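Below is one structure, written out as structure tokens; comments come after it.
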Amino acid sequence: MTSLAGTAAAQHSSDLPFAPGERMTYTGRVRAGVSGSGTISVDAPSELRGTSTWVLHSDMQGRVGPIKGSERNASWLDPVRMATLRYTSNARQLFKRNDDAVNVFAEERRWKSEKGLEGETSTTAPLDELSFLFYLRTLPLTGDTTLTLSRHFDVARNPTIVRVVGREEVEVGAGHFRAIVVEMTVRDARRYHGEGTIRIHLSDDRCRLILRLESDVPDAGKATLSLVSYEGARWSCSARLTEPGDTRLSRN
């Protein structure tokens, strides 16, 4: 097991597998009668506190019969240091709503939410849950790798354990892909009542598209997001073996 506790080397943003303009669209399912859809995207560069950031978005909607819910998250990411400067979360359910915004001051190793909560970070390159997904796409993820990562801005949410399960082919709405299968063990008291495991299929190429996300949510069941389309990919996504609707399996 490799431990990557707190620091991260600077990198060229031009080497990353994602860039502004990328947009991935998903369908979602939790259990019978509960469905949803959403997008994960990278917005145009935006300056925040003197730093050029890429704004990451996760916008999800769900429905149970006539009842709708939504969850929208955004992260202002410094793509050179792979560090979060700001994170916002807005969730809507039938009789519940949860809004929060956190400013992260990496150089000072501290964070503060607009609800008045604050704390220290254990790293000068902190991440939130959304930017962590994008950071995961930058890792080598070679066979039989397990990483212990203390990169969440809230020390109570560390560490995150990332384990490469293997490689397989997966069929999603966007096509048939070669995929890297990763299991990520996270600490999240609000969502998982403690600790939860997320199973992620990433395209096995330079794009590292998020093909599928699966997690067990307490009181809800297994939640699955599957990629149905993508646009603005930075590289040629060579892991796609067939396009949507093509029953011929191409191995080129």
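Taking Leu56, is it open to solvent by 30 Å² or more (accessible area, probe 1.4 Å) and not small (Gly, Ala, Ser)? Considered against the rule, which asks whether it is open to solvent by 30 Å² or more (accessible area, probe 1.4 Å) and not small (Gly, Ala, Ser), Leu56 comes out as no.
If the condition is being open to solvent by 100 Å² or more (accessible area, probe 1.4 Å) and among the polar types (S, T, N, Q), then region 91-113 contributes only Gln93.
Could you tell me whether any residue of region 61-73 is crowded, with 16+ Cβ neighbours inside 10 Å and closer than 22 Å to Ala19 by Cα? Yes, the conditions are met somewhere in region 61-73. When each of Asn73, Asn103, Asn98, Asn90 is tested for being outside any helix (DSSP H, G or I), of a type in the set (S, T, N, Q) and in contact with a helix residue (DSSP H, G or I) (Cβ under 6 Å, 6 or more places away or on another chain), the lone residue that passes is Asn73. Being closer than 26 Å to Cys237 by Cβ and assigned to a loop (DSSP other than H, G, I, E, B) is a condition met by at least one residue of region 168-190.
The values are calculated or read from the model by the stated rules, or taken from the named source; none is laboratory data. Note that the coordinates shown come from a computational prediction; the quantities given were computed from them, not determined experimentally. Every residue, glycine as well, gets a Cβ built from its backbone with ideal geometry; the counts of neighbours run over all protein chains shown. With ligands, DNA and RNA removed, areas are computed over all heavy atoms of the protein, side chains included. Shrake-Rupley method; radii C 1.70, N 1.55, O 1.52, S 1.80 Å.
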